[in-house]
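Remarks on the structure that follows.
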Amino acid sequence: MQAVDYIICGDYVLTMNEKMDLINDGAVALKDKKIIEAGAAKDIFKKYFSDNIIEGKGSAVLPGFVNTHTHAPMVYFRGLADDLPLMDWLQNHIWPAENRWLSPEFVYDATELACAEMLKAGITTYNDMYFFGDSIAMATKKMGMRAVLGAGILDFPTASAKTTDEYLTNAKRFVTDWKGDELITPCIAPHAVYTCSPETLKKSKALAEKFNLLLHIHLSETEWEVKDVIMKYRKRPVEHLEDIGFLDNIVLAAHCVWLEDNEINLLAKRRVSVSHCMESNLKLASGFAPVVTMLMAGVKVTFGTDGAASNNNLNIMSEMSTAAKVHKALSNTPTALDAKTALLMATRWGAEALMLGEKIGTIEKGKTADIITINLKKPHLTPLYDVYSHIVYAAMASDVETVIVNGKLVVNARRLITAEEESILHKASEWGKKIALPMSHPAGINMNKA
């Protein structure tokens, strides 16, 4: 018998592999951060032993969820400016708040809170677009979470850079410093077509290609954006990106709400992945992304939460449930976006969209151990006929019991292992008191200089 680091047991092991193998009364053996084997529990225990056995009676074991689009530090702006249209929300509330408060310290502390929320909701990997990437990376590593992090690139000044060249220089330095890290994968993140010139977008793509990185961008999120791009370039956003040679299989486009059929076909042709942010789009009344049409065209669609300032949570399970049901209603087809497809979007397809499919996203021999367990012994999950349907339509983030990232236990019996949760919440409350102060208050001025 072989000694392993962990044996994780479950009534169901959802591998999410190409065959969608479901193992009843299963177990997964982990050693040296990798999955050694997954199979029937009786077979695993004949071959392996461990001092760390995670019992699985009444539980499901599955790959960790992947959040393919968010702005983690914006969790400190949760509820700051609700019930507003996107551009009013951005231009009159969020961007001024960011200009006032953003600093490496702010971003680090806020990222801790975001990671705590995501980990306890079963998210083991997230894809971020924000500023002060080093602070995000260091906080994420401390929390034991996996992330693809992109330094935001814009054509106007913010707290992190004053010129486009400075954004690009910062992005290149960030890539050089973090490429090859176990948990942190850098990416290039030009904000959007309406905030980045064609030249900026071309430079961003060249940088991503040079280092073989993901290229992460907002795309066609609002009707206003589409009209603005048409007015500037006489092309719709996807057509504009095609014309400048931006679209490629390294691109992950967030939102993609206002698409026409020819644009969907272009995304499919260029193998662009999409991050669908259902609840953010609903809350900001941005519209309904044509997810079912994209899937039928062969576009790889995944789930993102967007930032907590516009959602207002970081919960992929909620995204799955809402999206699956809304798109059934929109298409007038109850079989559209079925439970297995939704779960694929949240796991394997999310990993593949982030260019991490060889490493995570499924429970298979040789993959890195990013695994969660869900407690099925709950009133709202009893009785159980189909575990996929239950996870998508009935389970909640609070049902996540165990989270392992990179072979390390980070949440056990719903308790965060890698950090003191009370301290994280206290810091968040203290920042919240400062953020709530009027702009003219001295505390705000002092913090802005920090």
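The values are calculated or read from the model by the stated rules, or taken from the named source; none is laboratory data. These numbers were taken from a predicted model, which means no experiment stands behind them. For neighbour counting, all protein chains shown are included, and Cβ atoms are generated from backbone atoms with ideal geometry for every residue, glycine included.
Under the condition of being within 16 Å of SER59 (Cα to Cα) and part of a strand (DSSP E or B), which residue from region 30-42 is farthest from the chain's Cα centre (by Cα)?
ALA40
Would you point out the residue of region 376-389, among those that are crowded, with 19+ Cβ neighbours inside 10 Å and over 22 Å from the mean Cα position of the chain (by Cα), that is nearest to ASN24 (Cα to Cα)?
Selected residue: VAL387.
Residues of region 1-19 being assigned to a loop (DSSP other than H, G, I, E, B) and either at pLDDT 95 or above or in contact with a helix residue (DSSP H, G or I) (Cβ under 6 Å, 6 or more places away or on another chain) (or both), which ones?
VAL4, ASP5, THR15, MET16, ASN17, GLU18, LYS19
Would you mind finding the one in LEU207, LEU219 that is within 24 Å of the chain's Cα centre (by Cα), surrounded by fewer than 22 Cβ atoms within 10 Å (Cβ to Cβ) and in contact (Cβ under 8 Å) with a residue 24 or more places away in the chain?
Step by step, each of LEU207, LEU219 is checked, and only LEU207 is within 24 Å of the chain's Cα centre (by Cα), surrounded by fewer than 22 Cβ atoms within 10 Å (Cβ to Cβ) and in contact (Cβ under 8 Å) with a residue 24 or more places away in the chain.
Pick out the one residue from ALA268, ALA289, ALA336, ALA329 that is part of a loop (DSSP other than H, G, I, E, B) and surrounded by fewer than 21 Cβ atoms within 10 Å (Cβ to Cβ).
ALA336
For the structure I just gave you, tell me whether LEU356 is assigned to a helix (DSSP H, G or I), at pLDDT 95 or above and under 25 Å from CYS277 (Cα atoms).
No: the conditions fail for LEU356.
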